[in-house]
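First up is the structure itself, then whatever we jot down about it.
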Amino acid sequence: MTHALRTGAVAVLVSLAAGTASAQGFSGAEVSTGILAFADDLDLGEIRYRGALEFGIGPGFGVAADLSYHGWRGLDMDGRNVTIHGLWDGLGFATVGAYLARDSFENDSANGLGLEAAGDFGGLAAQAAIGMVDGEGDRATLLLAEGRFDLAGMMPVDGLAATARFGRLGGEADATRIGLGAEYSLGFGPTFYGELGHLSSDGEGETYLSLGARVGIGAKGGTTFGSRGILEVIPGF
């Protein structure tokens, strides 16, 4: 995918989100982009583009769709993920849901399904997912978790938050990803983020740095859940 096509895709997603913002049932939309590099070889990593839309379809129920593109730097390869979420926020303090996902890269693909939950607890926002991934007959368990802690009142600058990420892929493609970071929100504008993390796979480990930005709109200021799949655990492989 060329730079022009990627830029055009992001522009279309933004236009679509803006055009549907006033539609009945629209809950939120989000677009983001980021770059990740490994400390041992800065030429390896990925450039990621993501867009997502969420709609309410009845009392407490909703659906969402995620599309993401992963361009693997230094490998002349890319990967794509599509995730469809069904969700219910009738609990008040949390939203629960189920997802179907598909990762595709080169001539291979993997399908996934699972359960997920998200909630806000004071200054802490967290989400987690557990599921199965089936790729060409090889099955693996998938565990994802993310957290965001608002630092308002604790720092001299408003809009700062601390973040954490955990991903675990169990099975033949054994891998674990752990990351800690921070983000800065410009009110109704973009949110900029940075993350320092570690990826371990097949007994080896690498440190990575990720930087990026995202924009969310709608009543939720974005979407409830994120993408689900192998590419959320193993970036730029």
I'd like to know how the stretch 107-217 sits against the 2.2 N^0.38 Å rule of thumb: what's its Cα Rg over that expected value? 1.25
So what are the ³J(HN,Hα) numbers for the stretch 173-186, from phi and the Karplus equation (6.51, -1.76, 1.60; θ = phi - 60°), rounded to whole Hz, Gly and Pro as x? 8, 6, 7, 9, 10, 10, x, 10, x, 8, 9, 10, 9, 9
Would you work out if the chain is rounded, prolate or oblate? Take a ≥ b ≥ c from the square roots of the eigenvalues of the alpha-carbon gyration tensor; rounded if a/c is under 1.5, else prolate when a/b is larger than b/c, oblate otherwise. rounded
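For an R0 of 25 angstrom, estimate the FRET efficiency from the Cβ-Cβ distance between A145 and N107 and round to the nearest 0.05.
0.20
Every number here is computed from the coordinates shown, using simple stated rules; none is lab data. Nothing here was measured: the structure is a model prediction, and the numbers come from that model. Don't worry about glycine lacking a Cβ; one is built from the backbone with ideal geometry, like all the others, and counts go over all protein chains shown.
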